[in-house]
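The values are calculated or read from the model by the stated rules, or taken from the named source; none is laboratory data. None of the values given here were measured: they were computed from a predicted structure. Here the Cβ positions follow ideal geometry from the backbone for every residue, glycine too, while neighbour counts run over all protein chains shown. Keep in mind that these areas ignore ligands, DNA and RNA; they rest on the heavy atoms of the full protein, side chains included. Shrake-Rupley method; radii C 1.70, N 1.55, O 1.52, S 1.80 Å.
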Amino acid sequence: MGRKATKASGNIFYEAREEAMKKNDAFSSRERAASIIGIDRTRLARIELSEVLPYQEEVKLIARAYDRPELCNQYCTTLCPLGSMTTKKVRMDNLDRLILNILGSLKDVSEIKDSLIDISADGLVDKSERQEFMRILEILSEISDLTNSLELWARKNLDQE
């Protein structure tokens, strides 16, 4: 069993390897983990110690090896300069919680549809319609976030069959 790397504490890739080690002892050393992932041991160490940012392809390999697809989203939202400006962090919830949240968000879909039809009838969003339009955008954004979370849950839990 490998020692705990206190310098790497707080690094998402190190913590993911620590979690993966609970299911597979092969991840207890960087050397064996690097071999499984398909990258150099020194490169993995530098990634876990936050000395270098991993390349996107390395993030995909690490996420696949550790069965942690959420690492890709974490990378994009926290480490990638472009992704951190354009990508939202996905919540990792249980399926039952996700489904209940989605159903709660969808209850207003008929009302949203009618409001969008009214707002877009003249091809403009005038001043009196802006507040309603912004409310609709918030609801749609929440539905989008929940959809992304459900997709991530499915990638993590259904690909194992």
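Taking the listed residues Ile36, Ile47, the one that is out of contact with any Leu (no Cβ under 6 Å at 6 or more places or on another chain), among the aliphatic types (A, V, I, L, M) and open to solvent by 40 Å² or more (accessible area, probe 1.4 Å) is Ile36, with no other qualifying.
Among the residues of region 144-155, those identified as open to solvent by less than 40 Å² (accessible area, probe 1.4 Å) and touching a residue at least 24 places away in the same chain (Cβ under 8 Å) are Leu146, Ser149, Leu152.
Checking each residue in region 44-85 for being of a type outside the set (A, V, I, L, M, F, W, C), in a helix (DSSP H, G or I) and closer than 18 Å to Gly10 by Cα picks out Arg46, Glu48, Tyr66, Glu70, Asn73, Gln74, Tyr75, Thr77, Thr78. Annotation note: of Leu61, Leu98, the sole residue that is modelled with pLDDT under 95 and out of contact with any Cys (no Cβ under 7 Å at 6 or more places or on another chain) is Leu98. The residue list Leu124, Leu98 contains one member that is under 29 Å from Arg68 (Cβ atoms) and not small (Gly, Ala, Ser), which is Leu98. Annotation for region 80-88: no member residue is among the basic types (Lys, Arg) and more than 11 Å from the chain's Cα centre (by Cα). Could you please let me know if Lys88 is touching a residue at least 12 places away in the same chain (Cβ under 8 Å), open to solvent by 70 Å² or more (accessible area, probe 1.4 Å) and closer than 22 Å to Glu138 by Cβ? Answer is yes for this residue. Within region 64-79, the set of residues being in contact (Cβ under 8 Å) with a residue 24 or more places away in the chain, within 15 Å of the chain's Cα centre (by Cα) and buried (at least 16 other Cβ atoms within 10 Å of the Cβ) comprises Tyr66, Asp67, Arg68, Pro69, Glu70, Leu71, Asn73, Gln74, Tyr75. Checked against the criterion of being at pLDDT 90 or above, among the small types (Gly, Ala, Ser) and either touching a helix residue (DSSP H, G or I) at 6+ places or on another chain (Cβ under 9 Å) or open to solvent by less than 50 Å² (accessible area, probe 1.4 Å) (or both), the candidates Ser128, Ser141, Ser115 yield just one match: Ser115.
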